[in-house]
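Scroll down for the structure; my scribbles are underneath it.
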Amino acid sequence: MILSAVKVISQAHDRAADLEMKMRAYERTIETLQRELDQLSDDRDYWKEECNNWRNKCKRLERELDTARHTMENLNEFARQNLPITGTDGFSFLTKRILGTGTCMFQCIAWALEPDLRKEINERQENQKRIGHSFKKLVSHWIMKDASLRLRTKELFDLTPLEYIMKVEEEDYQGTEFDLRVFSKHFSTEIFIVKVSPGKLEPHLISESLNYSRRIYLLHDCTNPKHEHYELIIAKNYKSFDMKQFCIFSPKDENAQAQAFVVAKEFKKF
């Protein structure tokens, strides 16, 4: 009986030892599986982060692309407004009406050569006077900056540079061709004037260099000596859907110059 009990106990002990070995093996397997699971979890987090990084890169590139497109649109508009059109055959020429606020010459220059100011010039008379005054300040700045211009104030007007600046900045000062020379130099642009007087048309080209690639046309109305007036000559392409206005031409465009005289002749009839 005792031997049978000892045998059972021995078998139970062996069974317990065997189960313990299997349990340890299972624990090792569980540890291995847990390590692999942790690795998979780390990999999953890594790739998740990588995906988020690439999404953010795509968003940044999309913003950069939008900015580039916007910049390209602005450059195209800048080119349209500031570069001379290459040909004007088929265009209709007319004058851009400028109110006679005493600063019409300055407004013509501003409207033609500073496109960002066009809306302000078109909207209110107060804007026109303010912009006219700012362009008078531009003349003053160039006289103080450029020695050759300072010499000319004495030669042309018998005024010292300071005296001429004071004259330019007076409220009722309407401008002279000397001021147009300043603008020609500042904007690197030829200014072609067609002077309309009783019985005649007089062309006059103002340019501070032979190398300028841009030209604008001004109509100078001198039919009333007490009230001279400037208007800008522009062109429209009525065959184009948007019928945009152009006012900067190539000096080599003979049609533009001929059409400027046609506009002046038509103006003279009124």
### Bins of 10 Å from zero: percent of alpha-carbon pairs in region 118-226
13, 37, 40, 10, 0
### Message
Quick check on region 83-269: take the gyration tensor over C-alpha atoms, sort the square-rooted eigenvalues as a ≥ b ≥ c, and tell me if it's rounded (a/c under 1.5), prolate or oblate.
### Response
prolate
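Only the coordinates and a few stated rules stand behind these numbers; no lab work does. The structure displayed is predicted, hence computed values, not measured ones.
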